[in-house]
Amino acid sequence: MINPTIDQIYQHASVRSYKTDPIPPEMVETIVAAAQRSSTSSNLQMYSVVVVTGAAKRERLAELCGNQKHIAQAPVFMAWCADLNRLERIAQWRDYQQVSEYVENFLLAAVDTVILMQTATLAAESLGLGMCYIGGIRNHPQDIINLLNLPHLVFPIAGMTLGWPARPHLPRPKLPTRAILYWETYDTTGDEEAWQEYDTTMIETGIYRGRQVAVPGQEGEMEAYGWTEHSARRVSQPHRVILREVLEKQGFLLK
Ligand SMILES: Cc1cc2nc3c(=O)[nH]c(=O)nc-3n(C[C@H](O)[C@H](O)[C@H](O)COP(=O)(O)O)c2cc1C
């Protein structure tokens with residue numbers, strides 16, 4: 001079943017090489033206004049986005065986000081932030097005290113922000129723009145908070161590069177849908193077969209070219225490295241372990 005919207009969704013590919021051409025500010029506004037049409041918990045709209053276009057600041061952001069060159073290259077960087085600061089001020093303005101110290105409060109704002117930014121992605125891609133999320137924004141969150149002047153109860157969930165793709169980007173295959181879609185109950189029968197199928201697909205794309213892994217039980221034997229090996233290695237390492245500390249400093253106490 002395919003229609004123009006689904007077709008556009010299927011064309012998504014993270015873009016990491018951009019032309020230097022700028023994006024008109026009205027286009028950025030159109031994208032953010034479209035994103036605002038997204039559902040949001042109780043219509044509370046617990047998010048903000050900081051758009052950075054200045055080259056020097058993008059260079060600094062590129063460094064802070066793990067020396068990712070596409071951040072300096074893309075004409076626009078967007079910092080998508082969970083924001084309970086606005087409601088804090090609104091509650092005070094109306095003579096109430098906002099409750100913000102529970103995990104639920106952070107989760108509400110984070111979920112709202114993620115939905116907002118993915119709608120922005122679809123809007124941007126429909127205009128021919130390319131984008132790439134930047135989780136690296138959480139590598140040095142306190143420096144990002146200082147650089148963007150993020151107040152109490154505002155936290156950067158993800159960054160995004162936005163610009164005109166320098167070349168066509170191929171969509172990256174995903175797991176067979178049966179590996180993530182369960183009907184009625186969570187039933188993992190057949191998962192391993194689906195994972196193997198996906199490993200083969202991903203090896204064929206050449207994404208992991210040159211990477212090999214030892215064949216279990218066969219000394220000295222090596223075989224091509226696929227998505228399961230790549231992902232298992234990735235999740236076996238801790239990442240961004242200081243987040244809780246910075247979240248607490250920003251006022252998200254996660255009780
Ligand atoms: C929350 C999030 C953070 C990400 N962070 C980065 C990042 O810091 N740098 C990067 O180059 N890609 C980043 N990505 C892009 C993913 O690597 C990419 O979406 C994934 O490999 C799938 O590829 P696709 O988007 O082309 O389908 C991120 C994606 C998400 C959803």
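Rule-based calculations on the coordinates, nothing more; no lab input. Computed from a predicted model, the values in this text were never measured in an experiment. Reconstructed Cβ throughout: ideal geometry from the backbone, glycine too, with neighbour counts over all protein chains shown.
If one puts a single equal scatterer on every Cα of region 4-170 and applies the Debye formula without solvent, what log₁₀ I(q)/I(0) results at q = 0.08, 0.13, 0.16, 0.17 Å⁻¹? Those come out to -0.24, -0.63, -0.93, -1.03, one per q.
Of Met222, Met1, the sequence from fewest to most neighbouring Cβ atoms within 10 angstrom is Met1, Met222.
Each residue of region 159-171 was assigned a 3J(HN,Hα) from its phi angle through the Karplus curve 6.51 cos²θ - 1.76 cosθ + 1.60 (θ = phi - 60°); the sequence is x, 8, 8, 9, x, 8, x, 6, 7, x, 10, 7, x Hz, with glycine and proline shown as x. With neighbour counts taken as other beta-carbon atoms within 10 Å, the residues Leu170, Leu129, Leu107 rank, fewest first, as Leu170, Leu107, Leu129.
Dimensions of region 33-90 based on its C-alpha atoms, expressed as ranges along the principal axes with the largest first, amount to 38, 24, 18 Å. Radius of gyration (Cα atoms) of region 177-235, expressed as a multiple of 2.2 N^0.38 Å: 1.31. Taking the chain as the reference, fit the longest principal axis to its C-alpha atoms, fit the long axis of helix 25-35 to the helix C-alpha atoms, and give the angle between the two in degrees, 0 to 90, nearest 10. Here the helix axis deviates by roughly 80 degrees. Between the Cα long axis of helix 103-126 and the first principal axis of the chain there is an angle of about 70°, rounded to the nearest 10. Helix 191-205 and the longest principal axis of the C-alpha atoms of the chain enclose an angle of approximately 90°.
Stretching the chain fully between Ile242 and His12 yields a gain of 79.6 nm (0.36 nm per residue, less the alpha carbon separation).
Among the listed pairs Lys174/Lys255; Lys57/Lys249; Lys19/Lys57; Lys57/Lys174, those whose Cα-Cα separation exceeds 29 Å are Lys174/Lys255; Lys57/Lys174.
Here is the P(r) of region 108-255: all C-alpha pair distances, binned every 5 Å from 0, give 2, 7, 11, 13, 14, 16, 15, 11, 7, 3, 1, 0 in whole percents. The Cα center of region 192-255 and the Cα center of region 37-64 differ in position by 28 Å. Annotation: amide H-H contacts under 5 Å for Ile157 (H modelled 1.01 Å from N, sequence separation of 5 or more, or interchain): Trp80, Cys81, Ala82.
Residues His169, His152, His70, ranked from the fewest to the most other C-beta atoms within 10 Å, line up as His152, His169, His70.
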